[in-house]
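Structure first, then comments.
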Amino acid sequence: MLKVTTEIAPTKALYIKLGRSGNWEKECLEKGILRLDYDGTPFDAAASGDWDTVHKFWLEARKDSGTATRDVNQIRNYFESGEDTLWITFHDSKLWWCFAKMGVKKHSDGHGSYRETLDGWHDADVNGGKLSSEKLSGSLLKVQSFQGTICDVKEFEYLCRKLNGLLLPEVDAAVKAENEMVQKIIPLMRLLTWQDFELLVDLIFSDSGWRRVGQVGKTQKTVDIELLLPTTGERAFVQIKSSAGKRDLADYMVRLQNSTIYDRMFFVWHSGEVGTTEADDVVLIGPDRLARMVFDAGLTTWLREKVS
């Protein structure tokens, strides 16, 4: 999908279901189109704005004035909404959005019609952040329960902020405070004895589901442990060092390569520079990443009390 690099400023937002049970989602996302069903709709009448004719057709089909009116309103939104209208849908546990070109065409398979998007569908905000459902407001996600095909998005302001990568002032203040706290964890970790640092790392991995099954090496300021992930049976080797450098990492990468029982290695340290690695089976957890893990695991108070 193409990346958007400028702020978007739609005049309204509409949610659309791409086919019954989402059977058109893949086609629409891959081809960059919006499809609408409503088979039987007098296409020429809708395209020319003759909504009385369209209403008469659906009134005859539905035998209910209210239902027919709701159908026509959805069809009209589809045919008449301009290029400044934001369209959204959900697929693969993500929110997708686009802007559509004016002009509706009959689909070649004979079912319904389609509009082309301006630049395809997007599943990320303007900064490249993925729009995963777990990161979206429940109020916005509720739109998926709409029983029809097209409806207004009530959480319009929230949606625009989300797509533009903007935060509410209250949320922005909380994020800044959180990041500041994470940075303050780093010097606290450096005050730990090497035994307590080992324990801290052990607690972090235990919180994430790993189980300690053995201790395979121990010297002052360094400890090696074995972990097992019960859900998958994966075995890992953890090298914990208070201070580490590039040579330390290189030595332990050789040890991992010579091993036949470990699926990966975690290299953990709180001081020093070890560089980077492209090895898929080596996970580097340095001061910044480790501090975030301490915070996320709720171990900040534990750490503070240990060094007080």
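Read-outs throughout are calculated quantities, based only on the coordinates presented, and are distinct from any laboratory measurement. Every value quoted in this text rests on a predicted model; they were computed, and no experiment measured them. Cβ atoms come from the backbone with ideal geometry, glycine included; neighbour counts cover every protein chain shown.
Odds and ends about this structure:
- Paired Rg and Dmax values of the chain, which use every Cα atom, in angstrom: 27.6, 85
- Computed from Cα atoms, the angle from the helix 51-62 axis to the main principal axis of the chain rounds to 80 degrees.
- Theoretical FRET efficiency, 1/(1+(r/R0)^6), r = Cβ-Cβ of Asn179 and Glu273, R0 25 Å, to 0.05: 0.70
- Ranked by the mean number of other Cβ atoms within 10 Å of their residues, highest first, the peptides 48-61, 227-240 fall in the order 227-240, 48-61.
- Distance (nanometres) between label positions extended 7 Å along Cα→Cβ at Val171 and Gln144: 1.8 nm
- Backbone N within segment 94-109 under 13 Å of label point (7 Å from Lys135 Cα along the Cβ vector): 94-96
- Hydrodynamic radius (Kirkwood) for segment 12-163, which is based on Cα pairs only, to one decimal in Å: 16.0 Å
- Descending by average beta-carbon neighbour count within 10 Å, the peptides 125-137, 244-256, 33-45 line up as 33-45, 244-256, 125-137, the highest first.
- Here segment 156-308 yields Rg over Rh of 1.04, to two decimals, using C-alpha coordinates and the Kirkwood radius.
- If you plug the beta carbon distance of Trp51 and Glu30 into 1/(1 + (r/R0)^6) with R0 = 51 Å, you get a FRET efficiency near 0.95.
- Among Ala173, Gln195, Pro287 - extreme Cα towards positive end, dipole of segment 173-307, charges at beta-carbon: Gln195
- Length gained on full extension, Leu228 to Thr260, computed as 0.36 nm times the residue gap minus the Cα-Cα distance: 10.0 nm.
- Here Lys12 and Val283 are evaluated by their C-beta separation; at R0 = 45 Å the FRET efficiency comes out at 0.50.
- Highest-MSF residue in the chain out of Asn164, Asn73, Asn258 [GNM, Cα springs under 10 Å]: Asn258
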